[in-house]
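> One structure, as structure tokens, below. Some questions next.
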Amino acid sequence: MISLSNISRFFTMGDQEVRALNHINLDIPGGEYLSVMGPSGSGKSTLLNIIGLLDRPTSGTYLLENHNVTALSEAEQAKVRREHIGFIFQSFHLVPRLTAAENIELPLILEGVPPAERKARVATVLEETDLMDRATHRPAELSGGQRQRVAIARATILKPAVLLADEPTGNLDHKTGAEVVALLEKLHHGGTTVIVVTHDRELGNRAHRKIQMRDGEIVTDEK
Amino acid sequence: MKNKDAIFLSFHTVVSYRLRAFLILLAMALGVAAVVVLTSLGEGARRFVVNQFSSLGTNLVIVLPGRAETSGGFPGALVGETPRDLTLEDAASLATIRGVRRYAPLNVGATEISAGGRLREITLLGSTANMIAIRGMKIAQGYFAANNGPNPADIVLGAALANELFPLGNAIGQRVRLGDRRFRVTGVFAAQGESMGFNTDEIALIPVDHAQALFNTQSLFRILIEAESRSAIEPTKAAVRAALTLRHDGEEDITVITQDAILSTFDRILTALTFAVAGIAAISLAVAGILVMNVMLVAVSQRTAEIGLLKALGATGKDIKRLFLMETLWLSLAGAAAGMGIGYSGAFFLRLAYPQLPAYPPHWAGLAAIATALITGIVASLLPAIRASKLDPVLALSKK
């Protein structure tokens, strides 16, 4: 489903070249539950951004469902992102002036779904994530766990094949973090490919496939 | 993203940042209001002058003694030199010229009028009955039937003058004295107010032959001619000049001017003035535009994380550009609407304060103001919108 071959991402910082990703080869079949771990600066976030088409590799080929997506234009990549990839961030990234329901509705608006259908789909997702009574609340009025659930609902409303989570529990306490993880695993059981980037050993070890990174390279890859 | 959704979403954003929206709106509104109010001032001045001229009569051709050395103006009156008199016979000869509907010889002078022990200084006109038709004057009571002469010693008094001399309102049939001559009041003008700085309510009109005798002159001050139609003005002017030149032994010592020419000159000048004032007002709109650009640039850097998020959710650069452009479009539209409200009510109060000045905004002012506001808004938001659309999503998302 996801196939990275020889992917590199170099930055120049001053006169120094930083090798965030150094000739990475990685195949992720559909429906996998994968964790990426490693120290800060090991390139795990860059890997996630490349898979999520937020960043372009310096060299290498990225096949998503057997299509070469590295060669696509900015607008085409946006469309792939919209339809195939969901993002979850450590700091949730909810739009503060929109209510929970409106935040969840955003991808549908971007996709051009008609309003009546949007309302129905948002209602379904709110139910699935147990947020019905929080629908009209703004992010400031929600707890951390609720915010991350809203973010997950938003990331999954278009039923993406791949869900990318960057430290999804990083800003949450243990209990609410566990709830969020349970929600992610529920999605994985539903057939979604889930890729989690984390520092948290406990969270990382729950994944079925664990990747360790250091200095832009994959060190270990165990199932 | 569909346009309708983009419109709604950007509106949502605009109303979420109330203070920001209010300040931009205020700047836009003041710019638009300035355009409307200032152009209505210019237009008011133009209408004032046009009204003044048309109160003098329509299709007017005026003959003055003396030669114009430069075009325009009333050279004979300024220079005061009259090489050859313009006489009553000259005037009479115009009757047969094609295109002349009617003509009126005119003498003007200052004199004293007295009646019943009251005495005052007035401007006295000497002319024929045609004068009343040509100038569009109205006689409220009585009549004035003078021709080239000889005429009875009749006098028509201005409304204010009649009131002062005969407060009881019984002016008709009374005797008044001008210098050493006595006149019988046969009419009173309807109150007309001021026209070209000349208060028709305080004048008196007597037959032209009596005026010439009173002022002891053979020459006329003017001959007023009404052409048959607007298109007949120019041929009539040429024919009158030719006929009078012939009568004056082939010397062109008269000046023939048309009110139309003077009027259109004034009209052009004042229209240009209105445009110039509108241009000055548009500068304030440009200032508003720079403010909009500033505020939108700040908005882009404030909402960097949000822009990154939208990109992660699959918004294209175009979508983001559209959202920011529509935000300013909303603000400009609302500002233009508010500005129109302020501008038109400003013009209304201007008309209340100065009733003589018809300060109506010209029909193009509203359109021009709205178009300028919209264009200013769009141009000013172009740079911020493009900057937003080009943000690197990875960097944008990492910004808190």
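The values are calculated or read from the model by the stated rules, or taken from the named source; none is laboratory data. Source: prediction; values computed, not measured. Every residue, glycine as well, gets a Cβ built from its backbone with ideal geometry; the counts of neighbours run over all protein chains shown. Heads up: the accessible areas ignore ligands, DNA and RNA and are worked out on the full protein's heavy atoms, side chains in. Shrake-Rupley method; radii C 1.70, N 1.55, O 1.52, S 1.80 Å.
> Any residue that is of a type in the set (G, A, S), free of Cβ contacts under 8 Å to residues at least 60 places away in the same chain and either farther than 20 Å from B:Q52 by Cα or outside the structural domain of B:R46 (by TED's automatic domain parsing) (or both) - is there at least one of those in region B:198-211? Please lay out each step first, then the result.
Keep residues of region B:198-211 that are of a type in the set (G, A, S), which gives B:204, B:211.
This time we only want the ones that are free of Cβ contacts under 8 Å to residues at least 60 places away in the same chain, so: none.
Within region B:198-211, not a single residue is of a type in the set (G, A, S), free of Cβ contacts under 8 Å to residues at least 60 places away in the same chain and either farther than 20 Å from B:Q52 by Cα or outside the structural domain of B:R46 (by TED's automatic domain parsing) (or both).
> Right, next: Give region B:230-250 a look and list any residue that's in contact with a helix residue (DSSP H, G or I) (Cβ under 7 Å, 6 or more places away or on another chain) and either outside any helix (DSSP H, G or I) or of a type in the set (G, A, S) (or both), or say none.
Our first condition is that a residue be in contact with a helix residue (DSSP H, G or I) (Cβ under 7 Å, 6 or more places away or on another chain); within region B:230-250, this holds for B:233, B:240, B:243-244, B:247.
Selection gives B:A243 alone.
> Something else now. Looking at B:L397, is it part of a helix (DSSP H, G or I), within 14 Å of chain A (Cβ to nearest Cβ) and either over 20 Å from B:A27 (Cα atoms) or open to solvent by less than 90 Å² (accessible area, probe 1.4 Å) (or both)?
On the way: part of a helix (DSSP H, G or I): yes; within 14 Å of chain A (Cβ to nearest Cβ): yes; either over 20 Å from B:A27 (Cα atoms) or open to solvent by less than 90 Å² (accessible area, probe 1.4 Å) (or both): yes.
It is true that B:L397 is part of a helix (DSSP H, G or I), within 14 Å of chain A (Cβ to nearest Cβ) and either over 20 Å from B:A27 (Cα atoms) or open to solvent by less than 90 Å² (accessible area, probe 1.4 Å) (or both).
> Can you pull out the residues in region B:1-16 that are surrounded by fewer than 14 Cβ atoms within 10 Å (Cβ to Cβ) and either under 43 Å from the mean Cα position of the chain (by Cα) or among the basic types (K, R) (or both)?
B:K4, B:V15, listed by residue number.
> From (1) over 30 Å from B:E112 (Cβ atoms); (2) crowded, with 19+ Cβ neighbours inside 10 Å, pick out the condition that doesn't hold for B:R222.
(1)
> What number of residues within region A:90-111 are within 7 Å of chain B (Cβ to nearest Cβ) and of a type outside the set (S, T, Y)?
First, the residues of region A:90-111 that are within 7 Å of chain B (Cβ to nearest Cβ): A:91, A:93, A:95, A:97, A:106-107, A:109-110.
Keeping just the survivors that are of a type outside the set (S, T, Y) gives A:93, A:95, A:97, A:106-107, A:109-110.
Selection size over region A:90-111: 7.
> Quick test of your reading of the structure: B:L391 fulfils all but one of (1) within 14 Å of another protein chain (Cβ to nearest Cβ); (2) touching a Phe, Trp or Tyr at 6+ places or on another chain (Cβ under 9 Å). Name the failing condition by number.
With respect to (1) within 14 Å of another protein chain (Cβ to nearest Cβ); (2) touching a Phe, Trp or Tyr at 6+ places or on another chain (Cβ under 9 Å), B:L391 is out only on (2).
> Another question about this same structure. Answer yes or no as to whether A:G204 is part of a helix (DSSP H, G or I), modelled with pLDDT under 95, touching a strand residue (DSSP E or B) at 6+ places or on another chain (Cβ under 7 Å) and small (G, A, S).
Values: part of a helix (DSSP H, G or I): yes; modelled with pLDDT under 95: yes; touching a strand residue (DSSP E or B) at 6+ places or on another chain (Cβ under 7 Å): yes; small (G, A, S): yes.
The answer is yes for A:G204.
Here is a yes/no grid of residues against (1) more than 15 Å from the chain's Cα centre (by Cα); (2) without any contact (Cβ under 8 Å) to a residue 60 or more places away in the chain:
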position: B:D260; (1), (2): no, no
position: B:A272; (1), (2): no, yes
position: B:A282; (1), (2): yes, no
position: B:G289; (1), (2): yes, no
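> Moving on. Scan region A:129-162 residue by residue and report those that are open to solvent by 50 Å² or more (accessible area, probe 1.4 Å) and within 19 Å of B:L313 (Cβ to Cβ).
Those that are open to solvent by 50 Å² or more (accessible area, probe 1.4 Å) and within 19 Å of B:L313 (Cβ to Cβ): A:R138, A:R147, A:K159.
> Pick out the one residue from B:A299, B:A380 that is open to solvent by less than 40 Å² (accessible area, probe 1.4 Å), within 14 Å of chain A (Cβ to nearest Cβ) and not charged (D, E, K, R). Write out each step before concluding.
Values: B:A380 fails: within 14 Å of chain A (Cβ to nearest Cβ).
Residue meeting the stated conditions: B:A299.
> What about B:F324, is it more than 13 Å from chain A (Cβ to nearest Cβ) and out of contact with any helix residue (DSSP H, G or I) (no Cβ under 9 Å at 6 or more places or on another chain)? Step through it out loud before you land on a result.
Numbers: more than 13 Å from chain A (Cβ to nearest Cβ): yes; out of contact with any helix residue (DSSP H, G or I) (no Cβ under 9 Å at 6 or more places or on another chain): no.
No: the conditions fail for B:F324.
> Within region B:39-69, which residues are farther than 14 Å from B:I134 by Cα and in a loop (DSSP other than H, G, I, E, B)?
Those that are farther than 14 Å from B:I134 by Cα and in a loop (DSSP other than H, G, I, E, B): B:G66, B:R67, B:A68, B:E69.
> Looking at region A:41-68, which of its residues are out of contact with any Leu (no Cβ under 6 Å at 6 or more places or on another chain), within 13 Å of chain B (Cβ to nearest Cβ) and part of a loop (DSSP other than H, G, I, E, B)?
A:L53, A:L54, A:D55, A:R56, A:P57
> Let me ask something else about it. Quickly run through region A:1-27 and pick out the residues that are among the aliphatic types (A, V, I, L, M) and either touching a Cys at 6+ places or on another chain (Cβ under 9 Å) or open to solvent by 50 Å² or more (accessible area, probe 1.4 Å) (or both). Can you show your working first?
Our first condition is that a residue be among the aliphatic types (A, V, I, L, M); within region A:1-27, this holds for A:1-2, A:4, A:7, A:13, A:18, A:20-21, A:24, A:26.
Selection gives A:M1, A:M13, A:V18.
> Using the structure shown, decide if A:E65 is on the phi < 0 side of the Ramachandran plot and of a type in the set (D, E). I'd like the intermediate steps shown before the answer.
On the way: on the phi < 0 side of the Ramachandran plot: no; of a type in the set (D, E): yes.
No, not satisfied.
> Let me ask another. Looking for something assigned to a helix (DSSP H, G or I) and either touching a helix residue (DSSP H, G or I) at 6+ places or on another chain (Cβ under 7 Å) or more than 30 Å from B:V50 (Cα to Cα) (or both) - is there at least one such residue anywhere in region B:172-183?
no
> May I pose another question? Kindly indicate whether A:A75 is of a type in the set (A, V, I, L, M, F, W, C) and open to solvent by 30 Å² or more (accessible area, probe 1.4 Å).
Details: of a type in the set (A, V, I, L, M, F, W, C): yes; open to solvent by 30 Å² or more (accessible area, probe 1.4 Å): yes.
Yes, satisfied.
> May I pose another question? B:E228 - would you say it is touching a Lys or Arg at 6+ places or on another chain (Cβ under 6 Å), open to solvent by 50 Å² or more (accessible area, probe 1.4 Å), of a type outside the set (G, A, S) and modelled with pLDDT under 90? It would help to see each step written out before you state the result.
On the way: touching a Lys or Arg at 6+ places or on another chain (Cβ under 6 Å): yes; open to solvent by 50 Å² or more (accessible area, probe 1.4 Å): yes; of a type outside the set (G, A, S): yes; modelled with pLDDT under 90: yes.
Against the criterion (touching a Lys or Arg at 6+ places or on another chain (Cβ under 6 Å), open to solvent by 50 Å² or more (accessible area, probe 1.4 Å), of a type outside the set (G, A, S) and modelled with pLDDT under 90), B:E228 qualifies.
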